[in-house]
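Student: Would you mind keeping the following structure in view while I ask a few things?
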Amino acid sequence: METKMLDAHIPLPLAERLDALALDLALARDAIVTAAITAWLDSEERRRIATLRTLAAANTIVVVEHDRVIDWADSL
């Protein structure tokens with residue numbers, strides 16, 4: 001798979017946590033960062049799709065005029 005080099009400035013405590021985890025798991029930092037970015041993107045994409053579906057559903061809701069509801073309730 002082709003790759004692209006990205007530069008990111010991250011807070012030192014976060015970098016230290018990344019280094020410690022990479023050492024503990026015997027994984028390359030690149031693998032951990034790739035997994036983290038993938039998980040974040042997947043989560044954001046699911047959230048975006050859910051939001052769009054909710055908006056679409058809201059646009060299809062049938063609104064009944066108040067007077068019609070009152071008339072229906074009075075007919076009971």
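The values are calculated or read from the model by the stated rules, or taken from the named source; none is laboratory data. Everything numeric in this text was worked out from a predicted model, so none of it was measured. Glycine gets a Cβ as well: all are built from the backbone with ideal geometry, and neighbour counts include every protein chain shown. Accessible surface areas use protein heavy atoms only, side chains included; no ligands, DNA or RNA. Shrake-Rupley method; radii C 1.70, N 1.55, O 1.52, S 1.80 Å.
Student: What do you get for the angle between helix 29-59 and the principal long axis of the chain? Use alpha-carbon atoms, 0 to 90 degrees, nearest ten.
Tutor: 10 degrees
Student: Could you rank the peptides 53-66, 23-36 by their average count of other C-beta atoms within 10 Å per residue, with the highest value first?
Tutor: Numbers: 53-66: 7.6, 23-36: 11.1.
Output ranking for 53-66, 23-36: 23-36, 53-66.
Student: To continue, here is another question. Percent of accessible area on the chain owned by carbon and sulfur, 1.4 Å probe?
Tutor: Answer for the chain is 61 percent, counting heavy atoms of protein chains only.
Student: Largest first and in whole Å, what are the equivalent-ellipsoid semi-axes of the chain based on the Cα gyration tensor, each being the root of 5 times an eigenvalue?
Tutor: Working from the Cα gyration tensor, I get semi-axes of 54, 14, 11 Å.
Student: Let me ask something else. Rolling a 1.4 Å sphere over the protein heavy atoms, what is the accessible area per residue of the range 10-73, to the nearest Å²?
Tutor: Dividing the accessible area of the range 10-73 by its residue count gives 90 Å².
Student: Could I ask something else about it? Could you give the size of the charge dipole of the range 22-62 about its Cα centre, using +1 on the Cβ of each K and R and -1 on the Cβ of each D and E, expressed in debye and rounded to the nearest 20?
Tutor: 240 debye
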